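J.: Sending over a structure as structure tokens; questions will come in a sec.
The numbers here are math on the coordinates, done by the rules we state, and not lab data. Being a predicted model, the structure only gives us computed values, none of them experimental. Because the Cβ atoms are built from the backbone with ideal geometry, glycine has one as well, and the counts that use them run over all protein chains shown.
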Amino acid sequence: MNTALSVNLNKVALVRNTRHLGIPNVVRAAELCLQAGAHGITVHPRPDERHIRAGDVADLAALMRDWPDREFNIEGNPFHNLMGFVHSARPHQVTFVPDSEGQFTSDHGWSFPADAARLRPLIQAAQDLGARVSLFMDADPQAMADVKAVGADRIELYTEPYAQAHGSAPAAGVLARFAQAALAAQAVGLGVNAGHDLNLHNLRDFVQNVKGVQEVSIGHALIADALEQGYAHTVAAYLACLR
């Protein structure tokens, strides 16, 4: 099974927002990534709109209707602004992320059983709108049964700890923990996604050793590489890692 690549466009929007010229264009970036073979597009619209804005979500939702074989994934905190986008954009997948409004970047997963009761109705609401629901999770094998019980369809493994350890002495143990978490998720019927600080140097090792990853969402590193190599070359390089 090849792992799908979803390109996160937040950093394209971040650069655009430093001026009032509308460049770089987020929709054009999505088109170029899809033309290069990306399997999907991801955005994480935060309440302060410091990168992706509400208008971007609407424009990308319209674009994705022209690519019916590709996937639109919207990430965010369901207790902030995410559910409004689920209603308006009707993405294929929503990824619930427990970040605070002013948080620099996502840095931890949901806690179980503590978050279960408040997540359950929102998971159901998103599913009723036709979306697959993935929960952003730390690599904790013991939590996966609780994730399944709350009604989620998938998890997205938070991979920054793996990225930080890659190439160091503790790397094998960290990677084994992620492999165990993925197996535990699959054992209870959950799909497995992954994302955060994956790049051309660590991606292949991850998907070769963490079995059954269905999708990776990559933004910061991929967009940084694209600044030097262009979207087409960069997307092709990431797809090669996933094969």
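J.: Between rounded, prolate and oblate, where does the stretch 8-104 land on the alpha carbon gyration tensor, with a ≥ b ≥ c its root eigenvalues, rounded for a/c under 1.5, else prolate if a/b exceeds b/c?
T.: Oblate.
J.: When the gyration tensor of the chain is built from Cα positions, what are the square roots of 5 times its three eigenvalues, in whole Å, from largest to smallest?
T.: Its equivalent ellipsoid spans semi-axes of 26, 22, 16 Å.
J.: Let me ask another. Once the dipole of the chain is set up with Lys and Arg at +1 and Asp and Glu at -1 on Cβ about the Cα centre, which of Ala89, Gln142, Gln186 lies farthest towards its positive end?
T.: Highest projection toward the positive end goes to Ala89.
J.: Place the peptides 123-136, 72-85 in order of packing, highest mean first, counting for every residue the other Cβ atoms within 10 Å and averaging per peptide.
T.: 72-85, 123-136
J.: What shape does the stretch 176-235 have by the C-alpha gyration tensor, where a ≥ b ≥ c are the square roots of the eigenvalues, rounded means a/c under 1.5, and otherwise prolate means a/b greater than b/c and oblate the rest?
T.: Judged from the Cα gyration tensor, the stretch 176-235 comes out prolate (a/c at least 1.5, a/b above b/c).
J.: Could I ask something else about it? Can you list residues from other chains, or at least 5 along the same chain, whose modelled amide H is less than 5 Å from the amide H of Glu156?
T.: Leu135, Phe136, Met137, Asn193
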